[in-house]
Each structure stands twice: as structure tokens, then as C-alpha cells.
Amino acid sequence: MKRLARDEKGQALVLTLLLLLIGSLILTPALNFMGTGVKSGQVYEQKNAEIYAADAGVEDALWHIRNDLVEDLIGEGYDEYDYSFPYSYPYDLSVNGKNVTVTIQNIWIPKDIPDPSPPTPSEAGQIIADEKLLIIGYPSSSESTYTIKIVYNWDTTAERNALKVKTIGIWLSPGFEYEDGSCDLDGYYSDEDISLYKGGTAVVWTFDSQPTLKSFPGGTPDTDPSPLVETFTFQYTGPEGQIPELVSSWVDTTGVTGITYSWDDSIRLYKIVSEAGGVQIEAYGAKTKFRKLKSTISSDYTVAGNRLSQATATSGNDRYYRNKLYAESDSTILRIGLEEVFESGSAPPGYIPEEAIIEDVYLYWSGWIDYHYVVEEPEEVCRWVFRWPGGWQWECHWEEGWQWNEIPDLKYPSSPTEENLTTLVEESAKVNIAKFGVDGSVQTITADKWQTVNTYDCSQAEDSWVYSCFADITDLVVSGGMTVREYIEEAMKSAGSGTIDFTVGHADEVRNLPRPGYDEYYFDLDGDGSTGYPLATPAHERPGESYRTRYQWSYAGWSLIIFYRSPGLAQRQLYLFDDLRYRSYLGGGDDPEFTISGFLAPPVITEDDTSHLTYFVGEGDWFYAGSSIKVNNNWLSDPPGNPEDNVFNCYSNALPPLTLPRNTDGVDVDTFVLPEGCILPYDTQATITLKTTTEIYNLVYIILSFRSELTTGGIITNYAIKII
């Protein structure tokens, strides 16, 4: 060995054997460890992908909740008042190569009141639809104070006096807590129960004595008419400078048949379950959805419209008389980019945001009908003539000339009934039918509803009448087999045309159609033919004479309302009032003051959240001043075009300026920003005053519009990941 060491022969073999020995001891475990790491990494990567995929499902559901699209997503079978089971997406999402299944379930909030779903959710839906008992909440002007308002729309005094309260409850979203004993009903209730509940805090006040609602402090006097309104407040604690956006409330009652409980339907809570592979995520999303009362529409809107008659004279007395009748007229709606709308907060008049979702499309047309006409026929002329030798004699003879005649079937009935008015509108006048078209594709439509008013207040216009017609054309099939709704949506897409021309006018059925027995009651239609069944009787006169005063009542026009939603934009709460009202400076017509109700004004969040009023008025004149509109003692104006003392002046600021150069003779479609404080948050009614001193006009519709609270969906009250 010494000799081998000295010669250094065989040492490499020894070292090699040692290395092989050590390697055999280390390499196998190392390879096993590396294999385990690779497998673990693959599992970890797969689970991460599944978690992210499931999380994407939650975010998708929250997006639909935030933008109020749950019903559109689930489709047929979804019931917003069914709290008993989860609704599945109608399709699987594909994220990171994983199939994701998502369910959304409505969550019942009122504590100690059983879920009304079994066996059917109709009970809950009917309570909301009846609107007999409403309960709503909103931040008070005092710091860290919240107000609850109960509105009871009673029918009889007995009902008013009989409704009793068993419990009242509230639910505050996470981050806010109720301040013990701060409710100003303290001493009135017998028990106050505070508990953690569905991710937030619930407070239930119990009234063992079951007092009547009208006996609560802070309510309306017994002498006031319906509704009965009671309010109370409580205080809360939470993050400094913040107010709770999600506060639900409910009331449990007894004493009146059919009224058992009610709750604040504007607060919605949803449970979301999203699964991808072996991962399940459970989350909760809450949202404020302002309560949609019977007469309100939750969307934004734009309007179109035009005149169907015009005075050809621009000066002198003849300018008062609309003697030209149009066969039809057009109005254009244009697309506007979302970025431009985001900057301003809303689309300008005559525009719809790209990719908008159309909710409803309503068409109104209106005019004045008279029963007089001029006929060319001999007239018997009688006079005293001196004859010799007989003296003065009364002699008559026939002379050629133009005479005034009447059509009895067009006179307003002295005793109007549904039957004789139907005959007047649909048979004698045929004003319930009209032409409607989009981009040149036209058809005849029939009104879903019509109204009439007798212009009885002036002897010059006695027994003539005005009308308004309404048609819901949302699902009317037009060009290419698409409905009006679909046609507008396609045109407003980023790849669409971006423009639509609407046409309204005389139906083809009455074009060149004379009136049997009254051939002279036949008027030229500017643009195409003539008719004995005009949408309005134009001004006409006997040759060589001036127009009769009655023809200052003449007008014809139309307006289209398009209600739409645009995801990502704040929506509006709209109230549509469309009872035809006739106003006259002569003292006749409808009451100048009336009340609109059935809405719930939301809170004003920022200075940009304004309330608007839009109207369609017929027979306004720019040369007659003294026409004004007032809302809750606030006169409306938009100078210089619409001054306060002459708002019904044929200057339509709500119509697309590119379509019509502000010349809507006899038609006013205007929008006004309501003054601050005109409508207060959570108001439920408003008083409208229509003033006139030298004017006659006809109100066809009013839209009262409130900016809704910016969408608040996506508040997570619980978020749990489960490996399954």
C-alpha cells in the first residue's frame, strides 16, 4: 500500500467508488424530493388557477348585481322575491381553461319575519306592488343620525285607525353599529334587541302593547288626508365622515286585513357561490336599488319629435294660424361615445350612449279637430228691393260662392260616453291610427290608448276638441324583422350606423281618402296627397276673408320617448304623467294646479345629481307670452330660448338640434333642471301649476326625472374559499 501510495496508482478508482457510494445515498432522495416539488407545484398552480377562475365567477356575478342585470342574466324563471333557492347561470364561464359554475341567491333580510318564498314568492311581490305600506330610510341632516319613514296609504278612516305595530327592525351593513338606546321611540317600545345578523347588525324594537301607527310621535295630524306618514330616527357609529349606504328596515303590523308586514325593498342582499374544479368560493354582495313604484321607470331617456302642421305666414295676423298640414315629419337620434358621456354624466338631447340597452319606446301624437269646412255652393241672398209701382219688396236669389258647413259626426258629444267618444276618435276622425317608420321602413300603427278634451270655453272653438294618442312600440317589428328595441340597440352599437331617422305622420289608410258625403272636408298634405281624415284640422278660410279665430287652436305634432340603460352610468328614476290637460286663458279647461305622486325621490349624492322635468305640450305660440310652469312653487325657465313667462313658445330644447333648427311650430318638447330644493330627498309627491294669461295649450305628458344613487353593488359581507 505504501508502494501504491508512493506511485499514486489506483487512487482514482477509490475516489470514484467513494463518489458512487455517496451519490447513491443522496441522489435517490434528492430526485424523490424534486419529483415531489414538481408535483406540488403543479397542484399549487392548478389550485391557484381554480381559485382565480372561481374568483372571476364571483366578480362576474357582482358586476351583474352592480349593474342591475341579474334578471337579464338568469332569464325566464327568475323571481326577485324568491329567497328559497339559488339560481344557476344559464351557461358555464371559461377562465384559465377552467369551467366555472356560478349561482346567485336572493337573501331575505327582515329578522324574525319568516321568509315569504314558500310555497310561492307571490306574497312578497304583492306586498311591494300594493304600495299600501312603505318603509324607507335615509341619512338625516344631523351628524351620525338616520331617519326611518313609514308611509301608510289608507283607503278609509277605519283602516287608518286600525293599523297596529308589532315590531320594527333595521339592518346596518358591516362597518356600522347601532348606538344603544338612541332611537327616539325610546320609552315607546318595550324591548330593543341588538344582534349580529347576516354580516351586519340587526336591531329589532318590540311593541308589546301594539300601538296604532297613527299614535306614533312625529306623524301627520288626523285631519290630513292619505297617506299617513310617521318618522323616527336613531344614531349610529362607524368610520369617521362616512354614512351607511346600506340600511334596511321593516315593520310587522296587525289590525288591517291584507297588511301584515312591509320592508325596504331598495336594499338587496345576494349570496354568490362560484365553483371551478375543486375550489368553491362563497361570497355576499349587497346593493341599493331604489324602489320602483308603480308609476316609475328605472332608466335614462332621450326624446325625439316634430311638428305636423305649420303657419306659412311669419308676420301679421295670419302667423297665428297653422294652415299647412304635413303628410309626415322626421326626427333623428344619434349615438354618442361612452367616454363623452362619462365626462358629462349624461347624454345630450337627441343622443343615446353606445351599447345602450333599450327598455321601452313610447310614441305620442296629438292634435286639434274641428267640424267646420268651406264648401263652394250657391248662397241664397235676400234683400229689400224697390219696385215701381209696387214699392219695396223682399226678394231672394241664389248667388255662386263659398259657404261654411258642418260635419255633425266630428262635433264633440254634448254628453260624452266611452261609446260615442270611441266612435268619434276611431271612426269619424280616425286619429287613433298613424304612420310610424324607422330609416324609411314605415307601417301603420294603432294607438294603445287615447284621450280627448272638449275646447268648450270659447264660443269660437265650441265643440271642437283636442286629443292625444299613445302607443307602446317597443316590440313593434320593423325593418329586417327586428323589433324597435332591437333596431335601436343595433344602431347604437359601436359597429352600428350610429343614427336613426324616425318618421311619424298620416297613415296610408287615410292618404287620398275623402270623407263620404263631405268631399270638401279634404286637405292637402304637404309632401304627399290629401286626406279627409287629418291628424289635425288645419286653418282654412273662405276666399277673400280672414281666418276665423277658432283656428288659432289648430296644431299637430308628435314625440317619441326612448328609455334606456347604459351599464356603468348612473341611472335615473322616472315618473311619467300622461293625462291630457287643456289650459286656456279664457278660464276654461282643466284645473291649473294638480298633484303628481307615486314616485320616491332619491337622495342627492353630489352636486351633479340633478332632477329634471321634461314635457310635451301642443299649441304653444312664440308670439303669445304668459305661459309658465311651476313645480312646488318654483317657476321653471331656460333662457334665452324658454323664458319664465313664455316657456310654451315652439322652442324645443329637448329635441335634437341637428334634426330640427329649433322650429317646432305648435309643439314644445322641453327639459328643465329643477331648482335646488324644488323636490326634496324622499318626497313622494309634487304640485304642478300650469299658468296662462293670454295663451291656450295642451299638456300631453310630463316626465319627472331623478338621478339615482350611483350603483353600489359589490359590497362583500363574507368571502370564504373552500377546497372540495
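The values are calculated or read from the model by the stated rules, or taken from the named source; none is laboratory data. A quick note: this is a predicted structure, and the numbers were derived from the prediction, not measured. Note that we place each Cβ from the backbone using ideal geometry, even for glycine, and neighbour counts take in every protein chain shown. Heavy atoms of the whole protein, side chains included, go into the accessibility calculation; ligands, DNA and RNA do not. Shrake-Rupley method; radii C 1.70, N 1.55, O 1.52, S 1.80 Å.
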Evaluate E = 1/(1 + (r/R0)^6) for residue 405 and residue 254, where r is the Cβ-Cβ distance and R0 equals 56 Å; express this FRET efficiency to the nearest 0.05. 0.25
Dipole size in debye (nearest 20) for the chain around its Cα centre, Lys and Arg Cβ +1, Asp and Glu Cβ -1? 2800
Computed over the stretch 500-553, Cα set: Rg, Dmax in Å: 13.2, 44
Before I look further, what does the chain give for accessible area per residue, probe 1.4 Å, in whole square angstrom? 45
Inter-label distance, nm, simple model (7 Å from Cα along the C-beta direction), residue 45/residue 590: 7.1
Show me, for the stretch 631-644, the HN-Hα J-couplings you get by feeding each phi into the Karplus relation (A = 6.51, B = -1.76, C = 1.60, θ = phi - 60°), rounded to Hz, glycine and proline as x. 10, 6, 6, 10, 6, 9, 7, 8, x, x, x, 10, x, 4
How much length is gained on full extension from residue 380 to residue 84, taking 0.36 nm per residue of separation minus their Cα-Cα distance? 98.1 nm
Identify, among 91, 461, 393, the residue whose Cα sits farthest towards the positive end of the charge dipole of the chain, taking +1 on the Cβ of Lys and Arg and -1 on the Cβ of Asp and Glu, with the dipole about the Cα centre. 91
Roughly how much of residue 414 is accessible, in Å² to the nearest 10, using a 1.4 Å probe? 120
Portion, in percent, of the accessible area of the chain that falls on carbon or sulfur, probe 1.4 Å: 50
Here, residue 423 and residue 122, labelled 7 Å along Cα→Cβ, have an inter-label distance in nm of 4.1
Which three extents, in whole angstrom, do the alpha-carbon atoms of the stretch 435-510 cover along their principal axes, largest first? 57, 25, 18
Report the calculated FRET efficiency for residue 195 and residue 69 (r = Cβ-Cβ distance, R0 = 25 Å), to the nearest 0.05. 0.15
In the chain, with Lys and Arg counted as +1 and Asp and Glu as -1 at Cβ, which of these residues, 655, 337, 173, has the Cα nearest the positive end of the dipole, that is, farthest along it? 173
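Let me have the relative contact order for the stretch 182-285, percent, based on Cα pairs under 8 Å that are six or more residues apart.
15
If R0 is 41 Å, what FRET efficiency do you get for residue 130 and residue 508 from their C-beta distance, rounded to 0.05?
0.40
Inverting the mean 1/r over all pairs of different Cα atoms, compute the Kirkwood radius of the stretch 329-445 and quote it in Å.
In the stretch 329-445 this quantity evaluates to 21.0 Å.
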Going through the stretch 76-179, which GluC sites (Glu not before Pro) have at most 10 other Cβ atoms within 10 Å and a DSSP loop state? 76, 143
Between helix 11-66 and the chain: long-axis angle, C-alpha atoms, 0 to 90°, nearest 10: 20
Hey, if you put +1 on the Cβ of every Lys and Arg and -1 on every Asp and Glu Cβ in the chain, which of 274, 474, 288 ends up farthest toward the positive end of that dipole? 274
Quick check: with the 1.4 Å probe, what order do 85, 672 take by accessible area, largest first? 85, 672
Label points 7 Å out from Cα along the Cβ direction at residue 318 and residue 340: separation in nm? 4.1
